[in-house]
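Report on one structure; see the data block that follows.
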Amino acid sequence: MDEQLFFKKLNDLYTSKDIFYFLSSVEVMSDTMAAGALQRISEVEVDDNGLKNPALLENEVFRALCFQFEFESSKLSNTGLLNALQALIKLRIDPQSTLMTSLLSESEERLDRGQLAAENLCSLGESLLELEGPSCATLEQIVNHMQERDIERWSPREIVMVYKILQVTAREGKQCQNLLNRLNSVTLHTVSQLSPNFASVILNSLVVLRQTRAVLLVTALCKHSVKHVPYFTDHELVNILEAFLYFGQNLQIFTEALERHVPGSILTLHPQTISTVMHYCCKKMILSKPIFDAVAEGFISSADRLTTDQIAAYIIPFGTLNYLPPSASSLFRKLETVLHTHLRHFQPHTLLNLLHSCVLIQRYPINFLPKIFSPYFLQKLQAQPPGLNRVVMSRLTQLFLTVTLECPFYEGPKLLSKCQVKACPMPHSSPDVHLFKRVKAGLLYLLKKRIYFASEVSTPYFYVVDIEIKLDEEGLVLPAAQLEEVHRRIALCVDGQNRFCAHSHNLLGEEAIKQRHLQLLGYEVVQIPFFEIETLQNTTKMADYLHKKIFPCTYG
C-alpha cells in the first residue's frame, strides 16, 4: 500500500481494535509505516493516567510489529527506528526488555557513527529525556552533534528539543552559552511559527537557563504568547506566567487576554494555575476585577478541594491590592469555614500572611488571633524560615494594632512586646522622591518657613507620617518641634504611583490600612495622590492646591 494512503487511513482510526484490524489487512509495510502504526496506537491508548488497556500489549498483531523491530533493528531506517522507540516508551514498554535495549543500542551506535540527521537527533533526545531523565550522558553527545549542524536551517521542533536538552542538563561554561547565543538568535526569527506548546517550552527554558540578556527574544515570545492564551494547557500557562514574572515583562494586552480567558474557564482551570494567575496579578500589582471576581466565585464553590497554599494564593491578593469583590460576604464566610476545618494543616508563615491580608481590607479573623498571638505559634514562626524577621514581626504588630484600634471587643491574648516593632518597613511605603520634593516646595511657599512642617516623622504607633503639621486650638500652625499646646495633628500622605495598583487610582492594602489607622490614632489624614498634582506646573499652583486641600476653611 502507498505510504500516503496508509497514513491517511491510519489517522482516521480511533481504537486499537480498529488499528489492529486494519494492519492485519496490509500484506507488506515499510518500517516507517510500522513505526507510524505504533505511534498511532500510543496516541489513542495512552492518556494522563497511563495505558488505558494493558491487554493490547498481548495482541498478536502488536507482538508481530515488535518482533520486526527487535530482531531487524540494524536494517531499520533512522526515522523508523526512532519513531518506534518514541512510541514504545509512551506505551510504557519495560526499558530493560530485549526489544528496548536493542533499539536503544542501535540508536546510540548510529549516534556514535554520526549517521543521524538533526530531526533524528531530536527524536532520540526526546526519547532519552523521557526514559532516563537529565542524568543521561548521551544527551550531551546529542548537543555536541547538533552544534555541528547548520543551526539556521533547524525546524521549530529541533530548536525546542535543543532548548529542552540544555535546560535539563543545565550545562555551564562558554561553549554552552555560545550555543545558546546562536540558538536565541535563530529562534528570534521563528517566533511567529511557534505553537503554544513550543512557545511555552522555550520561555521556560530561558528562565531555567537564566537568559536575562536575550531581551529581544523574550519580548517577542511574550508578545507572541498573547494570542495563544486561550489555547495553552494549564502547565503551559503556568510556564508563561512565571516567565513574565522572571523577565519583568508587563504587557497590557497580555492582561486583557487573561481577563478574556480566565473568568470563563474558572471551573476547568487547575487550582494551581489559578493560584499562579493570582500570584502574577499580585506581584505586578494588577487589580483585574474580572479575574478577581471570578476567582472569588471559584473559591466559594471549590475551596474544600484546595490545598492550604492554594487557599492562601487565592485570598492574599485581595488584601494586597485592597479589593472586595461583589461576593465578599460569601467569600469570607467560606474562608472562615475552611480555616476552621484546615487550620492545623497551614504552615505558620502561610497562615500569618493569609490573616494579615484579611485585616488590610477590614475582614477581622478574631476567632484565629488567639492562636497567632500564642507563644507556641510564635515559636513555630521562629523555627521556620524566614523566622521572626522584621517583615514577619511587622505583620504581627499590624495585626495586633488592628485588633486594638478596630476590634475593641477582642479580649484574647495580646502579642508579646518582644515581638512588636516600632516602625513599619512596608515595601511600598517610601514616598516618591520627586513628588515629595515638589510637595515640600509647595508647603514652604504656603507656610513661608520650613519650621512649620516635619517630614518622615516616626510616630509612637508603628507608622511613619510623610509630612506632619501641628495646629493649636485656634487652628494656627505651630512649629513642628513644639510639643505643648498641640490641639490637632495633620498627616499628609504623599501617595506616588508606587502606593497604588498598576494603572489605577486604587490604593494598595498596606497604604489603605495605614491611613485608616492614622485617623483612628487621632490624625487628620490628608491624601495627596500623584494623579491630582502631576499636572500642576509650578510651585505657586502647588501651594494653591495644598492650601485648598489642607486648610479648606481659609481657602479664598
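The values are calculated or read from the model by the stated rules, or taken from the named source; none is laboratory data. Because the structure is predicted, anything quoted here is derived from the model rather than measured. No Cβ is skipped: glycine too gets one built from the backbone with ideal geometry, and neighbour counts run over all protein chains shown. In case anyone asks, the SASA skips ligands and DNA or RNA and just uses the protein heavy atoms, side chains included. Shrake-Rupley method; radii C 1.70, N 1.55, O 1.52, S 1.80 Å.
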Filtered GluC sites (Glu not before Pro), the stretch 145-205: DSSP coil and at most 16 other beta carbons within 10 Å: GLU148, GLU172
If you take the alpha carbon radius of gyration of the stretch 1-115 and divide it by 2.2 N^0.38 Å, what ratio comes out, to two decimals? 1.03
Would you please give the residues with an amide H less than 5 Å from that of CYS493, counting only those at least 5 places away or on a separate chain, with H modeled from the backbone geometry? VAL526, GLN527, ILE528
J(HN,Hα) series, the stretch 471-479, from Karplus relation 6.51 cos²θ - 1.76 cosθ + 1.60, nearest Hz, glycine and proline x: 10, 8, 5, 8, x, 7, 6, 9, x
For the stretch 463-556, which GluC sites (Glu not before Pro) are both in a DSSP coil and crowded by at most 14 other Cβ atoms within 10 Å? GLU473, GLU474, GLU484, GLU485, GLU534
Setting aside same-chain residues fewer than 8 positions from LYS418, which lysines have a Cα under 19 Å from its Cα? LYS371, LYS380
How large, in percent, is the carbon and sulfur part of the accessible surface of the stretch 110-260 at a probe radius of 1.4 Å? 48 percent
Checking the a/c ratio against 1.5 first, then a/b against b/c, what shape does the Cα gyration tensor give for the stretch 270-403? prolate
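Taking a quarter of the surface of the Cα convex hull of the chain, what do you get in nm²? It would help to have the intermediate numbers written out before the result.
Working: hull surface 135.1 nm².
Averaged projected hull area, Cα only: 33.8 nm².
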Checking the table LYS440/LYS514; LYS283/LYS440; LYS448/LYS514 against a 24 Å threshold on Cα-Cα, which pairs fail? LYS283/LYS440; LYS448/LYS514
Treating only the Cβ of Lys, Arg, Asp and Glu as charged (+1, +1, -1, -1), what charge dipole size does the stretch 1-115 show about its Cα centre? Round to the nearest 20 debye. 120 debye
A chain fully extended from SER302 to GLU132 at 0.36 nm per residue, minus the present Cα-Cα distance, gains in nm 57.5 nm
How big is the Kirkwood radius of the stretch 322-397, worked out from every pair of different alpha carbons and given in Å to one decimal? 13.2 Å
Report the label-to-label distance for SER185 and ASN498 in nanometres (one decimal), using points 7 Å from each Cα along the Cα→Cβ vector. 3.9 nm
Taking a virtual spin label 7 Å from the Cα of LEU245 along the C-beta vector, which residues in the stretch 195-218 bring their backbone nitrogen under 19 Å of it? 200-212
Expressed as a fraction of 2.2 N^0.38 Å, the rule-of-thumb size for a compact globular protein of N residues, what is the C-alpha radius of gyration of the stretch 513-556? 1.35
Qualifying GluC sites (Glu not before Pro) in the stretch 20-78, DSSP loop, other Cβ atoms within 10 Å at most 15: GLU27, GLU72
Putting +1 on Lys and Arg Cβ atoms and -1 on Asp and Glu Cβ atoms, find which of LEU128, VAL218, GLY387 reaches farthest to the positive end of the dipole of the chain. GLY387
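Assign one of three labels to the stretch 433-550, namely rounded, prolate or oblate, based on the Cα gyration tensor with a ≥ b ≥ c the square roots of its eigenvalues; rounded applies when a/c is under 1.5, prolate when it is not and a/b is larger than b/c, and oblate otherwise.
oblate
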